[in-house]
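Trainee: Before I ask anything, here is the structure I am working with.
The values are calculated or read from the model by the stated rules, or taken from the named source; none is laboratory data. Worth saying up front: this structure is predicted, and the values here are computed from it rather than measured. With ideal geometry, Cβ positions are generated from the backbone for all residues, glycine too; neighbour counts draw on all protein chains shown.
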Amino acid sequence: MTQWTESNRPRPPENPRRVIGGFKFKRPQGVADWAWTAEPLFNAIASAADTDALSEGNSYAISGQTVTFPCTATRVDANVQGRASRPYKVALAFQPWTVEEWSKVVQALAAEAGFSARFLVGEMPQAVAPLLSGLGLKQELVPCTPGTKPSSDPLMTCTCGMAQPCKHVVAVTHLLAERLETEPLTLFLLRGMSSERLLERIQEVRTLATRGENHAHPLPPAATDRSLELPLESMLADFWRPGKRLRELEARPATAHAPHAILRRLGASPLGGRFPLVGLLATIYDTTRQRALALRDGERAAPSSDASQK
């Protein structure tokens, strides 16, 4: 039953309105011993909050008062249900890296083959942080300077109207820190690029860097042999004919085979087991190649054997 004050206004409930199916903070060890990807941000916001905001924000996070919690490029926009009839809108806006800064980041990460392999399984090597710190980026990989000014990282806002960080921002910070610990590649998203796109760009850089040197699938000889280039006018009469040079290409020696090129580039597998995954895959690749060569050689030998029987 709603209680009324002398001014005939409804008295706000003493406890926040219950949320069904909200996002809950489930970290077993609570707020102790954070991973390096989450600790700076959580500690910075927690130290800036007053005692009541920190305590109530922790309770909000554990009880699941956060209704929505989307993480998008450079932003976290959440709805947190408090004592009011409608949820409060919480926003954490992070400083993005510029196009030039992202180019430096991609180049640096592409130079280390082991990083890509770790990124593929959702891991963030701690060596990434000092590597990127040396690039002269305006913002570090892990944000740690929250505030209410446009230059803050992140910029904290909430529609509750209280001083920041309020309990609603603290509740969202619990969830974000937990995600940064379990899904550390979210740090790249907060700087403006998804991990999927980052991996694509790293692969593009590495492909360009190895073109013309050592790569598993080299360009055909016809694409790299400048001696085959002739003036267009001299080829008009025979443009639609293969000519003799096609047979010359077939007679050229094959490019040296680089065994297990992809496995060597990716490095050791992070998956455990009784047998090393990389070794098993290498055996499968070798067996498949041998069977394919045997089938090819058998097909080539078949016509000659048939002809000898006639």
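Trainee: Take the residues of the stretch 43-66 that are crowded, with 17+ Cβ neighbours inside 10 Å and of a type in the set (A, V, I, L, M): which is farthest from Lys26 (Cα to Cα)?
Mentor: Only one residue tops the list, namely Ala48.
Trainee: In contact with a Ser or Thr (Cβ under 9 Å, 6 or more places away or on another chain), surrounded by 17 or more Cβ atoms within 10 Å (Cβ to Cβ) and not aromatic (Phe, Trp, Tyr): which single residue out of Leu176, Leu198, Leu132 fits that description?
Mentor: Leu176
Trainee: Can we say Met156 is touching a residue at least 24 places away in the same chain (Cβ under 8 Å), surrounded by 22 or more Cβ atoms within 10 Å (Cβ to Cβ) and over 19 Å from Ala35 (Cβ atoms)?
Mentor: yes
Listed here are the residues, each with its yes/no results for (1) closer than 19 Å to Glu204 by Cβ; (2) surrounded by 16 or more Cβ atoms within 10 Å (Cβ to Cβ); (3) not small (Gly, Ala, Ser).
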| site | (1), (2), (3) |
| --- | --- |
| Gly82 | no, yes, no |
| Pro96 | no, yes, yes |
| Ser103 | yes, no, no |
| Val106 | yes, yes, yes |
| Ala113 | yes, no, no |
| Pro125 | no, no, yes |
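Trainee: Could you give every pair whose Cβ atoms fall below 8 Å, whose first residue belongs to the stretch 27-42 and is within 19 Å of Gln126 (Cα to Cα) and outside any loop (DSSP other than H, G, I, E, B), and whose second residue is at pLDDT 95 or above and polar (S, T, N, Q), counting only separations of at least 6 or pairs across chains?
Mentor: Leu41/Thr173; Phe42/Thr173
Trainee: Give the residues of the stretch 184-201 that are in contact with a strand residue (DSSP E or B) (Cβ under 9 Å, 6 or more places away or on another chain) and either within 16 Å of Cys144 (Cβ to Cβ) or outside any helix (DSSP H, G or I) (or both), sorted by residue number.
Mentor: Taking the stretch 184-201 as the starting set, the residues that turn out to be in contact with a strand residue (DSSP E or B) (Cβ under 9 Å, 6 or more places away or on another chain) are 186, 189-190.
The answer is Thr186, Leu190.
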